[in-house]
Amino acid sequence: MPEIDVLHLFQGVATMVAAGPTIAIARIVLIALGILFVYLGAKGTLEPLIMIPMGFGMSAVNAGVLYLSKDTTGTIFLDPMTSETGQLLTVLQIDFLQPIYTFMFSNGLIACLVFMGIGVISDVGYVLIAPFRSMFIAICAELGTVLTFPIAVAVGFSYKEAAAIAMIGSADGPMVLYTSLILAKDLFVPITIVAYLYLSLTYAVYPMVIRLLIPKELRGIKMDTRQNPKASKAEKMTFAVVASTLLCLLFPVAAPLFMSFFLGVVIRESGVTQFIDFIGGPLLYGATFFLGLLLGVLCEAGTILNPKVLTLLVLGMLALLISGIGGIIGGYIVYWANGRTFNPVIGIAGVSCVPTTAKVAQKEARDANKLVQILPWAMGASICGVISSAILAAIYVTLLR
């Protein structure tokens, strides 16, 4: 009977032993971190739709390293670095997530599908309540997306990398993914992971920012929802078609995102229930599931050990913090311009994490005054934030590509 090498039998352990201590420790930490993400997602502390599949993928890929040849280690999940045609065809037949990565992820399709789903669940009637005011707040809430760019350049990132990192401040996960795939493909995995991780923390961080910068009496300002104009379906569809056409004309590099979002809006208003149920249900949540799973699987030890990642973590948090402050500044400006009748908490909703930031704004206002209802205006600012972040991404990509 041939001699059996136990470590060769259990290759996940064997590759960890054979690797240097740095890689081994990193793999153990990432396995533990993945399990923690699953727990926190299931508990509701972090966004479960992203964190559960991401955490599961992260723990599995760092545990499932094996010998691909005598001297080569890797996994059979996917290989993001494969580009040569013959090698890619081989990998597509072996790595079970490679087809999804190659045909949906690396070309930005999955981001467009998520955007289409967001369009279906977004009521642009909230935007039409006060379109210019909502757009002004959204532009103010891009402050972090603008200011983080020169800061990232100053600490050593290239212009393209800095722009991709700065987009974290938009709080728009698909937009961050789309921009980083085009401008910083070598860093798109940590950039996108940081973006989605921080977006899951907005429920915890942004309420503290609101309470710190806005006194309770201003958070409790009541707004009269009875005066809000009611937009018809025809008006909403007209707005979506015109806005999509105009933005695609001005910023064609982001045309797939504009088309996806506004097509979702038109489908919602058209009342075609078959499309609405499919895009707002299986398509949106299926794309979100595979987005989280692929991000987790891409989070291998070698990727996270990139020395730029720690700096990226700090810059990502800074970008979101500055954007939140910028949105509140915009809320204050509108508050003064409207004779102190506007609730400045709405400003935080300009950070386009739909509908999370709008819900955060409503909750903080309601905690200050049980009779306050600001959700319609907050949703309008949040939806405009989606548009403003796409415009800014288009500007970065057009100038730096």
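The values are calculated or read from the model by the stated rules, or taken from the named source; none is laboratory data. A quick note: this is a predicted structure, and the numbers were derived from the prediction, not measured. Neighbour counts run over all protein chains shown; Cβ positions are idealised from the backbone, glycine included.
Which helices (runs of 4 or more DSSP H) sit wholly inside the stretch 75-167 and have at least 3 residues that are buried (at least 24 other Cβ atoms within 10 Å of the Cβ)?
Working: elements: 85-94, 109-121, 125-129, 131-140, 143-154, 159-166.
It comes to 109-121, 131-140, 143-154, 159-166.
Here's the yes/no breakdown for (1) of a type outside the set (Ser, Thr, Tyr); (2) more than 19 Å from the chain's Cα centre (by Cα):
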{"site": "MET237", "(1), (2)": "yes, yes"}
{"site": "PHE251", "(1), (2)": "yes, yes"}
{"site": "SER260", "(1), (2)": "no, no"}
{"site": "VAL266", "(1), (2)": "yes, yes"}
{"site": "SER270", "(1), (2)": "no, yes"}
{"site": "ILE276", "(1), (2)": "yes, yes"}
{"site": "THR288", "(1), (2)": "no, no"}
{"site": "GLU300", "(1), (2)": "yes, yes"}
{"site": "LEU313", "(1), (2)": "yes, no"}
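Hey, can you tell me all the residues within the stretch 328-379 that are touching a residue at least 12 places away in the same chain (Cβ under 8 Å) and among the aromatic types (Phe, Trp, Tyr)?
Within the stretch 328-379, TYR332, TYR335, PHE342, TRP377 qualify.
Which residue pairs have Cβ atoms closer than 6 Å, lie 6 or more positions apart in sequence or on different chains, and pair a first residue in the stretch 188-216 that is under 22 Å from VAL38 (Cβ atoms) and crowded, with 18+ Cβ neighbours inside 10 Å with a second residue that is at pLDDT 80 or above and of a type in the set (Asp, Glu)?
Matching pairs, first to second residue: SER200/GLU47.
Do any residues in the stretch 258-278 that are more than 14 Å from ALA240 (Cβ to Cβ) have Cβ atoms under 6 Å from those of residues that are among the aromatic types (Phe, Trp, Tyr) and at pLDDT 95 or above, where the two are at least six apart or on different chains, and which pairs are they?
Here the result reads none, with nothing in the stretch 258-278 linked to a residue that is among the aromatic types (Phe, Trp, Tyr) and at pLDDT 95 or above.
Mind telling me which of the residues SER122, SER170, SER106, SER59 ends up being touching a Pro at 6+ places or on another chain (Cβ under 9 Å) and under 19 Å from TYR196 (Cα atoms)?
Exactly one residue qualifies, and that residue is SER106.
Looking at the stretch 240-252, which of its residues are part of a helix (DSSP H, G or I) and either of a type in the set (D, E, K, R) or crowded, with 17+ Cβ neighbours inside 10 Å (or both)?
ALA240, ALA243, SER244, LEU247, CYS248
With the requirement that a residue be farther than 29 Å from LEU312 by Cβ and free of Cβ contacts under 8 Å to residues at least 60 places away in the same chain, what does the stretch 100-153 give you? Write out each step before concluding.
The first filter runs over the stretch 100-153 and keeps only residues farther than 29 Å from LEU312 by Cβ, leaving 119-136.
Across the stretch 100-153, the qualifying residue is only PHE132.
Tell me the residue from TYR335, TYR396 that is crowded, with 18+ Cβ neighbours inside 10 Å, in a helix (DSSP H, G or I) and over 27 Å from the mean Cα position of the chain (by Cα), please.
Matching residue, one of TYR335, TYR396: TYR335.
I want to confirm something. Restricting to the stretch 214-235 and keeping residues that are over 30 Å from VAL266 (Cβ atoms) and in a helix (DSSP H, G or I), which single residue is farthest from the chain's Cα centre (by Cα)?
GLU217
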